[in-house]
Amino acid sequence: QVLLVESGGGLVHPWGSLRLSCVVSGSIFSISAMGWDRQAPGKQREVVARITTGGSTNYADSVKGRFTISRDNADNTVDLQMNSLKPEDTTAYYCRATSYAYTFWGQGTQVTVSS
């Protein structure tokens, strides 16, 4: 069983910051890419950020320059630092981990940006 547990979501004012964290545990070997997705109600899931084992990163255009993804390969953790948050960033965020041909997601953590 593979378990991804996210933390750090919450309510923040526009232009504020939040840091999401995710711990991956269980029977998972050789994690390659890790990342964060988000999905608003009625919309398709969007890849927010992705990071490889070697540290290469990719970001959605909508978050470039505002969000930073990082990971600790030894601890199987991945973080997402979110700065300059906007109301349109409001949605559930899901941690993602890929091992060989398999991809796993966490249960999600809600981020709400509102004044």
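The values are calculated or read from the model by the stated rules, or taken from the named source; none is laboratory data. These numbers were taken from a predicted model, which means no experiment stands behind them. Glycine gets a Cβ as well: all are built from the backbone with ideal geometry, and neighbour counts include every protein chain shown. Note: accessible area is taken over every heavy atom of the protein model, side chains too, but ligands, DNA and RNA are not part of it. Shrake-Rupley method; radii C 1.70, N 1.55, O 1.52, S 1.80 Å.
Some points to look at:
- Residues of segment 63-101 satisfying the condition of being open to solvent by 60 Å² or more (accessible area, probe 1.4 Å), touching a residue at least 60 places away in the same chain (Cβ under 8 Å) and under 15 Å from SER32 (Cβ atoms): TYR100
- Qualifying residue in segment 17-24 (condition: outside any strand (DSSP E or B), under 28 Å from SER114 (Cβ atoms) and at pLDDT 95 or above): yes
- Of note, ALA40 does not satisfy the criterion of being of a type in the set (A, V, I, L, M, F, W, C) and either modelled with pLDDT of 95 or more or open to solvent by 60 Å² or more (accessible area, probe 1.4 Å) (or both).
- Selection count, segment 84-101, where residues are among the small types (Gly, Ala, Ser), within 13 Å of the chain's Cα centre (by Cα) and within 16 Å of ARG19 (Cα to Cα): 1
- Residue check, SER114 in contact with a helix residue (DSSP H, G or I) (Cβ under 7 Å, 6 or more places away or on another chain) and surrounded by fewer than 17 Cβ atoms within 10 Å (Cβ to Cβ): yes
- Residues that are among the hydrophobic types (A, V, I, L, M, F, W, C), under 22 Å from LEU85 (Cβ atoms) and open to solvent by 20 Å² or more (accessible area, probe 1.4 Å) within segment 13-37 comprise TRP15, LEU18, listed in sequence order.
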